[in-house]
Amino acid sequence: MTQFDPLFIAIGTLGVLIFVITSMLGMGFSLTIPQIVTPLKNRKLIIMSLVANFVLVPILALVIVEFIPLSEGLKIGLILAGFAAGAPFLPKLVQVAKGDMAFTAGLMVLLMVVTIAYLPIVLPFVLTGVQVNPWETARSLIVLMLIPLAIALFIRARYEEVAKGLIHLMTMAANLSLVAMFIGYFVGYSDVTYGVLGTGGILVAVLLIVGAAIIGYLLGGTDKGNKKVLALGTGQRNLAAAFAVASSNFATNPEVLIEVMDVAVIGFIILLFIAGEFGRRSAPGAEKSVKSAT
């Protein structure tokens, strides 16, 4: 470790905090309560979404780490990504895929809120032999995710023009902080980053993302628009929540953060490709319906 590594690690940690908070604020500023609630009336689809994201994908993550030899840090990182659902980036993917934008908003918020309650309860039982503080996990998710989301939704409901004016700023802040986080951690933990190559960390990330997307597609029902949304929404894990838990509970094990970042980068590449393929295979009128929904 060089004398500058602690500085880069601090930049990465600050990037995590800013990324999580601004992602939640940006999502809240861009949504109205009716946009969130209306799609949730389809009970069968919602149940399938919950089963896919909080039962089948977590099982997939556990099966992967059981059969592919990994270090403890890489295992924890993959499990965090596998158990955390609901991603603010989902609407962009669905727009590329020309999927159902109305369903996207409700699904995204539902998965996000359930994740905040789900992780503190489940992780201590799953990560046996590893000390996980349920309250610390819950506190980090509530403070960094739930409260900013609630504040942003309130501002959108009361001061719509102000909220709309802040969306672009929050998006820029989230994107820049994400870049800072990657640079900070990859440089600060460069020895760990290079050490992950050839250990299976990248392979398991690919398996998780592809497997999750397939699960979502199969459980998406008969409507092609919904199948696209659930495939992308299940494949895109909640990296904000995974980073929040990793930084608050596993800050001394950089492999956890590195594996979550592996899932982030690989997931972005794979899902952007899948979304593009969905979009190209859509009916000619699909693009118009998507644009009208945004």
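Can you say whether T13 is among the polar types (S, T, N, Q) and either surrounded by fewer than 17 Cβ atoms within 10 Å (Cβ to Cβ) or not in a helix (DSSP H, G or I) (or both), as far as the supplied structure shows? Against the criterion (among the polar types (S, T, N, Q) and either surrounded by fewer than 17 Cβ atoms within 10 Å (Cβ to Cβ) or not in a helix (DSSP H, G or I) (or both)), T13 does not qualify. Sub-7 Å Cβ pairs linking a first residue in the stretch 233-252 that is surrounded by fewer than 24 Cβ atoms within 10 Å (Cβ to Cβ) to a second residue that is among the hydrophobic types (A, V, I, L, M, F, W, C) and not in a helix (DSSP H, G or I), at least 6 apart or interchain, are N249/V132, ordered by first then second residue. Residues that are at pLDDT 85 or above and either within 18 Å of the chain's Cα centre (by Cα) or not in a helix (DSSP H, G or I) (or both) within the stretch 266-294 comprise I266, G267, F268, I269, I270, L271, L272, F273, I274, A275, listed in sequence order.
Can you name the helices (runs of 4 or more DSSP H) wholly within the stretch 153-249 that have at least 3 residues being hydroxyl-bearing (S, T, Y)?
Once the helices (runs of 4 or more DSSP H) in the stretch 153-249 are filtered for at least 3 residues that are hydroxyl-bearing (S, T, Y), what remains is 160-188, 190-196.
Considering only residues in the stretch 41-56 that are free of Cβ contacts under 8 Å to residues at least 12 places away in the same chain and of a type in the set (D, E, K, R), the one that is nearest to Y118 (Cα to Cα) turns out to be R43.
Against the conditions (1) surrounded by fewer than 19 Cβ atoms within 10 Å (Cβ to Cβ); (2) closer than 24 Å to P254 by Cβ; (3) modelled with pLDDT of 90 or more; (4) of a type in the set (A, V, I, L, M), M172 satisfies every one except (2).
Residue by residue through the stretch 66-93, note down the ones that are buried (at least 24 other Cβ atoms within 10 Å of the Cβ), aliphatic (A, V, I, L, M) and outside any helix (DSSP H, G or I). If the condition is that a residue be buried (at least 24 other Cβ atoms within 10 Å of the Cβ), aliphatic (A, V, I, L, M) and outside any helix (DSSP H, G or I), then A84, A85, A87 are the ones that fit. Filtering V63, V51, V37, V55 for residues that are over 20 Å from M170 (Cα atoms), surrounded by fewer than 21 Cβ atoms within 10 Å (Cβ to Cβ), touching a Leu at 6+ places or on another chain (Cβ under 7 Å) and of a type in the set (V, I, T) leaves a single hit, V51. Within the stretch 101-109, the presence of at least one residue that is in a helix (DSSP H, G or I), under 12 Å from the mean Cα position of the chain (by Cα) and of a type in the set (V, I, T) is confirmed.
Scoring D262 on the criteria (1) acidic (D, E); (2) within 13 Å of the chain's Cα centre (by Cα); (3) within 25 Å of P39 (Cα to Cα) leaves a single failure, condition (3).
Of the residues that make up the stretch 117-136, is at least one among the charged types (D, E, K, R), surrounded by fewer than 24 Cβ atoms within 10 Å (Cβ to Cβ), free of Cβ contacts under 8 Å to residues at least 24 places away in the same chain and outside any loop (DSSP other than H, G, I, E, B)?
Taking the stretch 117-136 as the starting set, the residues that turn out to be among the charged types (D, E, K, R) are 136.
Now narrow it down to the ones that are surrounded by fewer than 24 Cβ atoms within 10 Å (Cβ to Cβ): 136.
Pick out the ones that are also free of Cβ contacts under 8 Å to residues at least 24 places away in the same chain and you get none.
There is no residue in the stretch 117-136 that is among the charged types (D, E, K, R), surrounded by fewer than 24 Cβ atoms within 10 Å (Cβ to Cβ), free of Cβ contacts under 8 Å to residues at least 24 places away in the same chain and outside any loop (DSSP other than H, G, I, E, B).
Candidates I59, I64, I33, I76: the one that is among the aliphatic types (A, V, I, L, M) and closer than 30 Å to Y159 by Cβ is I33.
The values are calculated or read from the model by the stated rules, or taken from the named source; none is laboratory data. A quick note: this is a predicted structure, and the numbers were derived from the prediction, not measured. Heads up, the Cβs are rebuilt from the backbone with ideal geometry, glycines too, and the neighbour counts pull from every protein chain shown.
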